[in-house]
1. Considering only segment 13-29, I want to know if a residue exists there that is at pLDDT 90 or above, buried (at least 16 other Cβ atoms within 10 Å of the Cβ), of a type outside the set (A, V, I, L, M) and not in a loop (DSSP other than H, G, I, E, B).
2. Which count do you get for residues in segment 96-147 that are farther than 16 Å from Ala40 by Cβ, among the small types (Gly, Ala, Ser), surrounded by 20 or more Cβ atoms within 10 Å (Cβ to Cβ) and touching a Leu at 6+ places or on another chain (Cβ under 7 Å)?
3. Got at least one residue in segment 62-70 being under 20 Å from Pro104 (Cα atoms), surrounded by 14 or more Cβ atoms within 10 Å (Cβ to Cβ), of a type outside the set (D, E, K, R) and touching a Leu at 6+ places or on another chain (Cβ under 7 Å)?
4. Could you grab the pairs with beta carbons closer than 7 Å, sequence gap of 6+ or different chains, first residue in segment 116-127 and at pLDDT 90 or above, second one of a type in the set (Ser, Thr, Tyr) and surrounded by fewer than 22 Cβ atoms within 10 Å (Cβ to Cβ)?
5. Among Pro73, Pro93, which is surrounded by fewer than 15 Cβ atoms within 10 Å (Cβ to Cβ) and in a loop (DSSP other than H, G, I, E, B)?
6. Looking at the structure I just gave you, is Val142 in a helix (DSSP H, G or I), within 26 Å of Gly63 (Cα to Cα), at pLDDT 70 or above and more than 16 Å from the chain's Cα centre (by Cα)?
7. Checking the conditions here, which among Leu62, Leu58, Leu47 is in contact with a helix residue (DSSP H, G or I) (Cβ under 9 Å, 6 or more places away or on another chain) and more than 14 Å from His100 (Cβ to Cβ)?
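The values are calculated or read from the model by the stated rules, or taken from the named source; none is laboratory data. Quantities reported herein were computed from a predicted structural model and do not represent experimental measurements. Cβ placement follows ideal geometry from the backbone for every residue including glycine, while neighbour counts extend to all protein chains displayed.
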Amino acid sequence: QQVSELLGVDVEEQLLPALGTDVTLSIAPQPRPADAPEQAVAAPALLLTWSLDDPQVLETALGNLLERAIAPPLPPDASDEERAQAPQHHTQPVGDVTVHVIDPPAASGVAEQTAGTVRPAYAIVGKQLVIGSSAAAVRDAVARAQGKLEGSYAASPARERAAAAVGGDAQLSFVHLDLAGLARLLDSYAPLLAQAMPPTGAGPEFPEMPDNGDQEAFEKALEKYQREVAAFRQEQARKNERIVHEICGTLEHWFDFAAAGAGRQGNAVTGRSVLRLK
């Protein structure tokens, strides 16, 4: 009841019946802006498309959710600190479609850490909801739906082959996984993954204070130790990155091989796996 009041529509009587049955979830790398801070990492874009039987119900529900919970309007006299702590909602037109964008709070540091690639957004295009972690990805999806950009999974031969692989039943649900593509995506983040991996082998030993208490000698030894630690970490990062590349490359080839073999038996599409859901 509380959720229905928040959304302004009845969840069971209006919202659920308004959702269609065709759902697509994708994940793809995003380019790192040239002017991004050195420590910033471009996050992959998550994109969900969902067919709708009643777009107006979703338009109302999402609009109320934005205004009442996610990014409520700030009072005109709000301080700079209050504005920095609050997410900001604005719209961007793509043809005759409105893309709703939510910028994370400035004080959270998300924009700097992710080079501005995490900006949740959504749009309703005809009878389809497009929602994602990246405003750029949502805009591209809208442009594709309008025919302004080429490339649409819904109209692609890959989807047709996936549907054929699991049967022609219109009521059948299936999951189409590009596992080889996922391995390639992980490979593109090898430098970041390498930093998160634990070191192999022992690093430099921390210097001990000389028995005679020579502070100057100890400080020199400490400076040398810090240089050795930096060099050790760089070498470890290079080794770990090579390991990630090797693992991802092996997985990519294995998934391609396995999917191709399954495809010859009519169970999958080359390079991808299709799961049949009852």
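1. Yes, there is a match, as at least one residue in segment 13-29 is at pLDDT 90 or above, buried (at least 16 other Cβ atoms within 10 Å of the Cβ), of a type outside the set (A, V, I, L, M) and not in a loop (DSSP other than H, G, I, E, B).
2. Number of matching residues: 3.
3. Checking segment 62-70: at least one residue is under 20 Å from Pro104 (Cα atoms), surrounded by 14 or more Cβ atoms within 10 Å (Cβ to Cβ), of a type outside the set (D, E, K, R) and touching a Leu at 6+ places or on another chain (Cβ under 7 Å).
4. Qualifying pairs under 7 Å: Pro120/Ser133; Ala123/Thr98; Lys127/Ser51.
5. Pro73
6. Spelling it out, Val142 is indeed in a helix (DSSP H, G or I), within 26 Å of Gly63 (Cα to Cα), at pLDDT 70 or above and more than 16 Å from the chain's Cα centre (by Cα).
7. Of the residues listed, the single one that is in contact with a helix residue (DSSP H, G or I) (Cβ under 9 Å, 6 or more places away or on another chain) and more than 14 Å from His100 (Cβ to Cβ) is Leu47.
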